[in-house]
Structure formats: structure tokens, C-alpha cells
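A.B. asks: Shown below is the structure under consideration.
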Amino acid sequence: MTDSILKRLNLKSSPSGRAIAQPMDEELVEMLYQHLTLERRASAQYFAISIWFAERDLSGFSNFFKQESFDEHEHATNFANYLVARGQTVVLHDLNAPKQNWDSIESVIADSFQMEADVTTSIHQIYASAERSSDTRTNVFLDPIIESQTQSEDNFAHILSRVQFANNQPSAILIIDGEVNSNK
């Protein structure tokens, strides 16, 4: 019944049967699936990092990364909701166990900065793909995400600089631990 109404009104429908205003390029949809996986992976990784810091009694870092984990989960949810709003079936890919051991606080923060940079790159690639396929809706969706991601990358670069400057001195690390806890 619904299918015939869509046809009669000459409306397009998505693979899930939802009415859609603009079909999505298959390559763009696949890129959004991959990015959704990247956000879910980041959430799991930040949760593992939060535990790593908790085990070392660095509650500021632990709380900071726990919040980052929640934030990444929210980002994944936003991408899933966007795909649903665009009439797509959301495909969730498998996640591997996150890394759980590091040699130093600096290596934890460096890995985190790299993960943020990878997320930024993914978003920019999606944006470019959306532009190539004239999918302005996706570009509008991504605009505030790019701004937020740029701020996040800057925040991690700042924390990395502070940790590098601390040069593994316990008193300096404790000061930074307190700072990241109060800034989140």
C-alpha cells in the first residue's frame, strides 16, 4: 500500500522503504559506514585508555578519557541517525579489541592525537565525496562536525605538548592530571 502511494506521488524510496528527497551515492554511504565504525572504535579505545589511567590512579586523565568515550559514542549515534534520516539501512561492522597497553603517558596521548587526526581525515574525505556527488545535505550535516573535530584535535595537541614538556616528571604529570579533569 505505501509503496503504491510513493509511486503514485512519484516519490523516491530508500533501500529501507523510507521516502527520501535525494538518493545517496553508494560510495558516500559506504564511507559513512566506515566512519561510523571509526567513531565506535574511538569510543572503545578511549574507554580502554580511561581504564589504563584509572589503574594508575590518575583520575583526571581517566575521567577525561571516559568522557571522550561517551562523546565518541554520541558521534557514532549521530552518524547512525543521519543515515536513518536519509533512508539508509545502518550497517555496523565488527570492532576489534582496543589497544590496552602503553609504555608511557606520552605514547597514550600521542596515540589519541593520531586517532583524532584519523577521524578528521575521514570526515574531510566524506565531505569531498559528498561535494563530488552534489550531496549538499551531507555537507551541511558535516559542517558543525568538522568544527568540533578541529577543536578536539587542537585539544589533544595541547595535552600532548604539555605531557611532552613534563618529561615524565611525576609532579608535572599530577598537575596535568588535575588540569584535564577540570577542563572536561
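A.B. asks: Give me the distance between the Cα centres of the stretch 36-59 and the stretch 142-184, rounded to whole Å.
C.D. replies: 15 Å
A.B. asks: Take the Cα atoms of the stretch 75-184, find their three principal axes, and give me the spread along each one in whole Å, biggest first.
C.D. replies: 53, 28, 23
A.B. asks: Give the span of the stretch 126-184's Cα atoms along each principal axis, as three whole-Å numbers ordered largest to smallest.
C.D. replies: 53, 20, 9
A.B. asks: May I ask you to compute the full-extension gain from residue 134 to residue 175, defined as 0.36 nm times their residue separation minus their alpha-carbon distance, rounded to one decimal in nm? It would help to have the intermediate numbers written out before the result.
C.D. replies: Details: separation 41, 0.36 × 41 = 14.76 nm, distance 4.86 nm.
Working it through step by step, the gained length comes to 9.9 nm.
A.B. asks: Another question, then. How far, in nm, would the chain grow between residue 26 and residue 14 when pulled straight, counting 0.36 nm per residue and subtracting the alpha carbon separation? Each step should come with its number before you reach the end.
C.D. replies: Values: separation 12, 0.36 × 12 = 4.32 nm, distance 1.17 nm.
Value of the extension gain: 3.2 nm.
A.B. asks: Okay, next question. Before anything else, pin down the relative contact order of the stretch 24-158: Cα pairs under 8 Å, at least 6 apart, normalised by residue count, whole percent.
C.D. replies: Details: 119 pairs, mean separation 39.8, N = 135.
Across the stretch 24-158, relative contact order equals 30 percent.
A.B. asks: Here's another thing I want to ask about it. Taking the mean number of other Cβ atoms within 10 Å as a proxy for protection, how do you rank 51-62, 147-158, 95-106 from highest to lowest?
C.D. replies: Output ranking for 51-62, 147-158, 95-106: 51-62, 147-158, 95-106.
A.B. asks: A further question on this structure: Search the structure for amide H atoms under 5 Å from the amide H of residue 12, placed 1.01 Å from N in the peptide plane, and list their residues when 5 or more places away or on another chain.
C.D. replies: When sequence neighbours closer than 5 places are left aside, the close amide H contacts are 20.
A.B. asks: Can you tell me, using C-alpha contacts under 8 Å and at least 6 residues apart, the relative contact order of the stretch 5-96 as a whole percent? Each step should come with its number before you reach the end.
C.D. replies: Details: 98 pairs, mean separation 34.4, N = 92.
Taking the mean separation of contacting Cα pairs over the length of the stretch 5-96, I get 37 percent.
A.B. asks: Can you tell me what percent of all Cα-Cα pairs in the chain are more than 27 Å apart? Mind showing how you got there, number by number?
C.D. replies: On the way: 6431 of 16836 pairs.
Looking at the chain, the distances longer than 27 Å represent 38 percent of pairs.
None of the figures in this text is laboratory data; all of them are computed from the coordinates on show. Keep in mind that this is a model prediction, so the values were computed, not measured. So basically every Cβ, Gly included, is an ideal-geometry build from the backbone, and we count neighbours across all protein chains shown.
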